[in-house]
């Protein structure tokens with residue numbers, strides 16, 4: 001390596017490309033290091049959906065709002081729509097969720113279709129039983145259940161957005177490099193050079209700034225640097241089904257079943273009870289099945305019990321043979337006509353959700369000269385722009401927004417920090433995190449005037 005890298009970003013997914021793009025727009029000449037092809041791991045393996053709806057978490061809402069504001073110049077390639085999310089379930093539960101999300105806009109309540117605003121771009125529409133079927137006739141079979149239509153929500157082209165970031169980053173002098181990040185070399189206790197493997201050779205790349213944004217590779221990268229943070233990786237899968245007969249309405253918003261359910265009939269359960277892999281799926285299952293139209297078909301997603309991996313072996317998990325059918329069956333309460341597609345072979349892929357215990361991201365300084373942007377779980381597409389912009393500004397000495405400070409990794413070193421529990425299924429569920437002692441190298445203070453680790457966690 002002949003010259004020093006001004007800024008090295010490890011990871012060529014949406015998060016890494018966003019950080020690199022905003023660094024280059026601030027005058028640096030960053031390099032992006034990616035082991036695989038850019039945007040080939042988790043960035044294009046989701047529903048590509050977004051929502052400005054985060055019940056009980058105003059900081060995450062602020063992050064996504066910033067991302068959506070920054071999306072405007074990319075709208076031509078990202079093509080965001082405003083279809084919204086439609087949660088279906090018990091009215092009282094939906095109303096409780098809505099009241100915890102004032103950031104989403106006003107709550108409108110409808111007992112009939114006459115008051116429902118079809119073209120609303122903001123706010124929440126709570127549909128009483130009866131009104132749900134009037135507004136969405138394909139849900140008319142549901143009795144006693146309501147709907148919550150979240151209007152500042154929809155989906156976009158993650159690939160289009162990512163390619164625009166990559167092209168913009170290159171146009172301003174950034175470089176995309178192929179190679180594997182191995183760790184760092186230190187001088188006087190400070191990280192000075194990145195250890196990189198390229199074409200079978202190991203190289204040392206001196207850097208001024210290092211940003212770790214390798215998606216599912218974050219767990220391995222942190223361990224290579226001697227840091228211990230409470231992270232897990234969960235494989236999640238989606239299935240695309242061809243639907244020439246339009247059994248999934250083409251005009252539908254993203255549909256979410258918000259009630260527990262059983263996806264197999266008692267007769268089917270009796271036949272499958274000897275199948276060890278299916279045993280966890282043969283009883284009551286949690287809410288969360290969702291789907292949306294996509295081209296001449298639809299996407300179905302339902303991962304009721306995602307397993308956790310301490311360190312993913314690669315960037316893409318292998319789906320189990322039943323992943324597509326489980327996702328399809330999860331949608332049956334919403335659209336019973338989808339039963340006709342049992343036996344149809346879908347296209348299945350997936351990626352990793354890298355999660356903290358409270359399902360909040362890691363964004364901020366890890367040690368002197370080293371920053372981290374990750375643990376974006378299942379919301380990386382909608383959060384990447386805001387997170388990348390905040391990190392670039394903060395790393396270059398600008399004042400970080402309050403919501404970004406809430407995501408600083410140093411929060412886990414504060415004995416007083418009590419992260420709000422994330423969704424059921426986390427291995428940290430019910431565990432008090434105070435962080436024990438820091439790793440070999442402690443985390444820096446998140447910023448002036450901010451106590452270490454006071455990052456917005458709720459008791």
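A short reminder: the numbers here are calculations on the coordinates, not readings from a lab. No experiment lies behind these values; they were computed from the predicted model shown. Cβ: placed from backbone, ideal geometry, glycine included. Neighbour counts: every protein chain shown.
Normalised by 2.2 N^0.38 Å, with N the number of residues, the alpha-carbon radius of gyration of the stretch 4-149 equals 1.36.
Over the stretch 106-166, the hull volume per residue, using the convex hull of the C-alpha atoms, is 103 Å³. What shape does the stretch 181-272 take by its C-alpha gyration tensor, where a ≥ b ≥ c are the square roots of the eigenvalues and a/c under 1.5 counts as rounded, a/b above b/c as prolate, and the rest as oblate? Prolate is the answer for the stretch 181-272, as a/c is 1.5 or above and a/b outweighs b/c. Packing order of peptides 354-365, 178-189, highest average first: 354-365, 178-189 (average count of other Cβ atoms within 10 Å over each peptide's residues). Note: relative contact order over the chain, using C-alpha pairs below 8 Å and six or more positions apart, is 20 percent.
Extension gain for the segment residue 347 to residue 107, taken as residue separation times 0.36 nm less the Cα-Cα distance, is 82.6 nm to one decimal. Helical content alone sets the calculated 222 nm signal of the chain at -6000 deg cm²/dmol, taking -39,500 (n - 2.57) per DSSP H segment of four or more residues and averaging over every residue.
For the stretch 245-342, list log₁₀ I(q)/I(0) at each q in 0.10, 0.14, 0.21, 0.25 Å⁻¹, using the Debye formula over Cα point scatterers of equal strength and ignoring solvent, two decimals each. So the normalised log intensities work out to -0.30, -0.59, -1.14, -1.38. Look at the Cα gyration tensor of the stretch 271-395: its axes a ≥ b ≥ c give a/c of at least 1.5 with a/b over b/c, and that counts as prolate. Contact order for the stretch 179-334, expressed relative to its length and based on alpha carbon pairs under 8 Å spaced 6+ residues apart, stands at 24 percent.
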